[in-house]
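Each remark here refers to the structure printed beneath this line.
The values are calculated or read from the model by the stated rules, or taken from the named source; none is laboratory data. Please read these numbers as outputs of a predicted model, since none were measured by experiment. Here the Cβ positions follow ideal geometry from the backbone for every residue, glycine too, while neighbour counts run over all protein chains shown. Keep in mind that these areas ignore ligands, DNA and RNA; they rest on the heavy atoms of the full protein, side chains included. Shrake-Rupley method; radii C 1.70, N 1.55, O 1.52, S 1.80 Å.
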Amino acid sequence: MLRVIVLGAAAGGGLPQWNCACTACRAAREGAQITPQTQSSIAVSADGVRWVVVNASPDIRQQFSATHVLHPIKGPRSSPLSSVLLTNADVDHVAGLLSLREGHPFTLYATDRVLRVLQGNAIFNVLDRGSVERLALRLDQVQSVFDAQGCDTGVRIEPFAIPGKVALWLEDPEAAGFGGGPEDTIGLALGTTGSRCRLFYMPGCSALPDAIKSRLARGDSLLFDGTTFTEDEMISSGAGSKTASRMGHLPISGARGAVAQWEGVSLQRKLFIHMNNTNPVLLPDSKERAFIRAAGWDTTYDGMEFCVE
Ligand code: MLT
Ligand code: MN
Ligand code: ZN
């Protein structure tokens, strides 16, 4: 059984975002209708002792403080953190690595491409190579996640390439596809030794070819990109100038949106994660929240816990 904790349900910027006064950000600041949410990350464990964090959010320090099972319990300097896995090199998924620089040994897994990005940025050398081993994920292969001592954590993963976009801070305006490649964005199937990987985590996904949908089977659980509700939400809300597609995200609604595309795939759970603060599904009384619930989906929230068989 895989234990799952949502450490951060929001997209980059979080909820509230420091410079945003949209409806959800104001409500979260007032603490009235909705609770603040930190940036995009989950933690999983096979044994309830060693924890694997998927994506290192800029809010990781706060997330570790808020999550009892991630507190140090074995002496003056320790942590249940065994490994960090990255699904891309976005700021909201890698900046938290800088906060993990206190000498704690863990393993760091990412695609070759994302490892090269980290390698090319000297600031990540704060993660001392003696303590933090960097390991390349093998796409389309089921593999065990090992801790820094070389022991199997019991967590198994199958990484797979998905349509996405190169990280915003790496975009090359001159290059086709802004200079992105197939290993920029991955999804992960996660599970435990001896059973199928039944949790699918795709916090950033810009299109859904059948080859991705067919990876999931009845009874699986899905945490999927819920950045925006509509394609032009950033523009219509006055928050920005880019469409969801331009940012590398599939909107929730519309004929090509996530709800329509996942319709008919019978799953144990369909949950949105990486929700931008402009997304009205964050507001509990919104018609957009009612729409996703009627379609069998729900939102995640910081501290949400569940188990996957
Ligand atoms: C995204 O999910 O589109 C990125 O996190 C955007 C960003 O880097 O701000
Ligand atoms: Mn993001
Ligand atoms: Zn906002």
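If you check Met234 against the conditions, is it open to solvent by 10 Å² or more (accessible area, probe 1.4 Å) and closer than 21 Å to Leu15 by Cα? Taking the combined requirement at face value, the residue satisfies it. From the list Ser241, Ser221, the lone residue that is crowded, with 19+ Cβ neighbours inside 10 Å and not basic (Lys, Arg) is Ser221.
State whether the residues of the stretch 237-245 include one that is in contact with a strand residue (DSSP E or B) (Cβ under 8 Å, 6 or more places away or on another chain) and either under 23 Å from Ile157 (Cα atoms) or not β-branched (Val, Ile, Thr) (or both).
Here is the first cut: in the stretch 237-245, the residues in contact with a strand residue (DSSP E or B) (Cβ under 8 Å, 6 or more places away or on another chain) are none.
Looking for residues that are in contact with a strand residue (DSSP E or B) (Cβ under 8 Å, 6 or more places away or on another chain) and either under 23 Å from Ile157 (Cα atoms) or not β-branched (Val, Ile, Thr) (or both), one finds none in the stretch 237-245, hence no.
Of all residues in the stretch 1-46, those satisfying the criterion of being within 9 Å of ligand 3 (Cβ to nearest atom) and open to solvent by 10 Å² or more (accessible area, probe 1.4 Å) are Gly13, Pro16, Gln17, Asn19, Cys20, Ala21, Cys22, Thr23, Arg26.
Applying the condition of being among the polar types (S, T, N, Q) and assigned to a loop (DSSP other than H, G, I, E, B) to the stretch 250-295 and asking which residue is most open to solvent (accessible area, probe 1.4 Å) yields Gln268. Output yes when any residue across the stretch 52-71 is among the aromatic types (Phe, Trp, Tyr) and not in a strand (DSSP E or B), and no when none is. Yes, the stretch 52-71 has at least one match. Does Val84 qualify as being open to solvent by less than 20 Å² (accessible area, probe 1.4 Å), part of a strand (DSSP E or B) and closer than 20 Å to Asp302 by Cα? It is true that Val84 is open to solvent by less than 20 Å² (accessible area, probe 1.4 Å), part of a strand (DSSP E or B) and closer than 20 Å to Asp302 by Cα.
Could you list, in sequence order, the residues of the stretch 296-309 that are assigned to a loop (DSSP other than H, G, I, E, B) and either among the aromatic types (Phe, Trp, Tyr) or within 16 Å of ligand 2 (Cβ to nearest atom) (or both)?
As a first pass, look at the stretch 296-309 and keep what is assigned to a loop (DSSP other than H, G, I, E, B): 296-297, 300-304, 309.
Across the stretch 296-309, the qualifying residues are Trp297, Thr300, Tyr301, Asp302.
When you scan the stretch 19-36, do you find a residue that is within 27 Å of Asp220 (Cα to Cα) and either among the aliphatic types (A, V, I, L, M) or not in a helix (DSSP H, G or I) (or both), even just one? Steps first, answer last, please.
Our first condition is that a residue be within 27 Å of Asp220 (Cα to Cα); within the stretch 19-36, this holds for none.
Within the stretch 19-36 (the criterion being within 27 Å of Asp220 (Cα to Cα) and either among the aliphatic types (A, V, I, L, M) or not in a helix (DSSP H, G or I) (or both)), the answer is no, since none of the residues qualifies.
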